[in-house]
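Reviewing the structure listed below.
Only the coordinates and a few stated rules stand behind these numbers; no lab work does. Source: prediction; values computed, not measured. All Cβ positions, glycine included, derive from the backbone under ideal geometry; neighbour counts span all protein chains shown.
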Amino acid sequence: MASGADMIGFAPVERFDAGPEKTHPRYYMPKARSAIVVGIGYTKAICDVWGTYEEEGRLPTPYMMFGFAQLNWELSRIALKIAKVLETFGFRSLPIPPSYALSRYRYWEDLDKTKKYMGDLSIKHAALAAGLGTFGWNNLILTPSFGARQRLIAIVTEAQLEPGELIFPEKLCKPESCGYACVKACPINALNKSKAQEFVMDGCTFRYSVLDHNLCRWCLDGLKKGSGSRTHIELPEKITQDDIHKAHAKRALVDKGLYAMGFIDFCGKCMHQCPSPDFEITTYPNSK
Ligand code: SF4
Ligand code: SF4
């Protein structure tokens, strides 16, 4: 695609009806008809070499830039362009920024109670609804072309567009082949092999691992050894937002430098080590 996108799909807003009210496209735009989802994939080598600077031949930064930060900017540019074109045809269209910190922005005051980070609109659920991919056990969208290795963005629009077909997990998530590689890879046990959460879309039930959002945040923010950073801060007994922000202040100077340059997030091992879609299983050399 000339825009730089690798995939695009269209979801009818009715597919969001069983989800939380405040993440429904019509919560923002009562006349919305569709969510458009755009994705850009990144290369396998970025995942192959991911690791800390303590490991020979490993680098966390290609993922941080080309698997995360830069892709979010690229997708934002494409989303605004699509929204502008649709408005020239008379369809109000709202690009939704990629989540990262925004997943904490709206619900900030409640996070210590809910312990759950939610975006303004779940772009992963939108990608499922658009037929671009399906949920993996790792809580990520797996697509037929890139497995877990892509970033996504959504545009809510009044235009009615041809919906994609839902994809079911069996083809793309195969725990019996990979041995729950995502759960094993997680440096902080935020994922669980035997406890699932589920939700319903279009009458179909999807299941994937429960996720401890605060534990995962600790690693995404590079606060633990094994998350890709040089920082290691002991986990508090119960993580609060205050703990996370105090821990940020204690980050190793070089990690602070990466953040200042926009190299975010750190962890992502459940993404890097997921062998979908081709299930070429390779032994991953990194330790927790
Ligand atoms: S991003 Fe890291 S900490 Fe979070 S679930 Fe994946 S492997 Fe675990
Ligand atoms: S690592 Fe295995 S179990 Fe986990 S999401 Fe990928 S295919 Fe599914």
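To the nearest 500 deg cm²/dmol, what mean residue ellipticity at 222 nm is calculated for the chain from DSSP H runs of n ≥ 4 alone, each contributing -39,500 (n - 2.57), summed and divided by the residues?
That comes out to -7000 deg cm²/dmol.
What number in nm² do you get for the stretch 7-272 if you take the convex hull of its Cα atoms and divide its surface by four?
Averaged projected hull area, Cα only: 14.1 nm².
Between LYS31 and ARG92, what is the label-to-label distance in nm when each label sits 7 Å out along the Cα-to-Cβ direction?
A separation of 0.6 nm, rounded to one decimal place.
Considering only ILE239, ILE188, ILE153, give the residue with the highest GNM mean-square fluctuation for the chain, with springs between Cα atoms whenever their separation is below 10 Å.
ILE239
Only Cα pairs under 8 Å and at least 6 apart count here; give the relative contact order of the stretch 7-272 as a rounded whole percent.
With pairs under 8 Å counted, the relative contact order is 24 percent.
Modelling each spin label as a point 7 Å along the Cα-to-Cβ direction, I'd like the ASP242/ALA196 distance in nm, to one decimal.
With each label point 7 Å from Cα toward Cβ, the separation is 3.9 nm.
What does the highest-first list of 50-59, 74-83 look like by mean Cβ count within 10 Å?
74-83, 50-59
Only residues of the stretch 194-236 count here: report those whose backbone N is under 20 Å from the spot 7 Å along Cα→Cβ of PHE66, or say none.
Backbone N within reach: 228-229.
Using a 10 angstrom cutoff on alpha carbons, build the Gaussian network for the chain and name the most mobile of MET271, MET201, MET64.
Looking only at MET271, MET201, MET64, the largest GNM fluctuation is found for MET201.
Please work out how much length the chain gains when fully extended from ASN189 to LYS116, using 0.36 nm per residue of separation minus the C-alpha to C-alpha distance, in nm with one decimal.
Computed gain between ASN189 and LYS116 is 24.7 nm.
Ordered by packing density, taken as the mean number of other Cβ atoms within 10 Å over each peptide's residues, highest first, how do 154-163, 241-250 rank?
In descending order of packing, they fall as 154-163, 241-250.
How would you order 4-17, 107-120, 216-229 from highest to lowest mean count of nearby Cβ atoms within 10 Å?
So the order, starting with the most tightly packed, is 216-229, 4-17, 107-120.
Once Lys and Arg get +1 and Asp and Glu get -1 on their Cβ, which of ALA159, GLY179, PHE199 lies farthest toward the positive end of the dipole of the stretch 159-221?
Of ALA159, GLY179, PHE199, it is GLY179.
Going by Cβ distance under 4.7 Å, what cysteines of the chain have no possible disulfide partner?
Cys with no partner Cβ under 4.7 Å: CYS47, CYS173, CYS178, CYS186, CYS204, CYS216, CYS274.
Apply 1/(1 + (r/R0)^6) to the Cβ-Cβ distance of ALA249 and GLU162, taking R0 = 35 Å, and write down the FRET efficiency to the nearest 0.05.
0.10
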